[in-house]
1. If packing is taken as the average number of other Cβ atoms within 10 Å across a peptide's residues, how do 15-26, 206-217 rank, most packed first?
2. Tell me, Kirkwood radius of the chain from alpha-carbon pair distances, in Å?
3. Using 0.36 nm per residue of separation minus the Cα-Cα distance, give me the extension gain between residue 98 and residue 36 in nm, one decimal.
4. State the antiparallel share, in %, of DSSP beta bridges confined to region 2-227, rounding to the nearest 5.
5. Of 202, 196, 45, how do they rank once you tally other Cβ atoms within 10 Å and put the fewest first?
6. Any chance you could tell me what percent of the C-alpha pair distances in region 6-65 go past 15 Å?
7. Starting from the Cα gyration tensor of region 25-117, multiply each eigenvalue by 5, take the square root, and state the resulting semi-axes largest first in whole Å.
8. Write down the radius of gyration of region 190-229 and its Dmax, each obtained from C-alpha positions, in Å.
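Nothing in this text is a laboratory measurement; each read-out follows from the coordinates by a stated rule. Predicted, not measured: the structure shown is a model, and the values here were computed from it. FYI the Cβ positions are ideal-geometry reconstructions off the backbone, even for glycines, and counts take in every protein chain you see.
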């Protein structure tokens, strides 16, 4: 199925990670300017990389360990207005961090985190969604090696995993700069946390909240405004 955004189209039928709300939240929230170099870890169908290309002139390397996902991301990139900015690479973060001499102004990921959930019947999707192939420790280690001193690292996680990740990041020299808590509805608990870290200490991180739906399931005005650059209409 093709997903049509305002400025690009994404096919995700051959990708381990289909387009979902988490990717849209992260792509909308991340601020790529003034980055000149961006790394996306686990690009899947490439939607986050495309969202950042829409609002940045940066060169974007989009890596994934799944070959079919990289092939589909490449096709989506070639069909976009920013094909010269986007570079899909078939490689794991572990191998990339060990072999690459490049460092980046911005690193972004919607990582695997379903370490305690039931496996998917699709083996490729199961691997992409579970932390066995990329642990939080390996993610933090890779980011520390690949991030430039003044760069930023953007990530989305479920609430419980996010709280644990905050502690791990702080102990590894990644300092919180911004955080956005996301609720599905006003009276529901926070179910997603978005973070921006850097290698520089920050005494007062910026904290935000976003609610996606009203109680009647209609999209909130703030969510419509949040996604307006990409969606035609949510009304």
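1. Highest to lowest by the protection proxy: 15-26, 206-217.
2. Kirkwood hydrodynamic radius for the chain: 17.9 Å.
3. The span from residue 98 to residue 36 would gain 20.1 nm if fully extended.
4. That works out to approximately 40 percent antiparallel.
5. Ranking 202, 196, 45 by Cβ neighbours within 10 Å, fewest first, gives 202, 196, 45.
6. 46 percent
7. One finds semi-axes of 19, 15, 15 Å for region 25-117.
8. 13.9, 42
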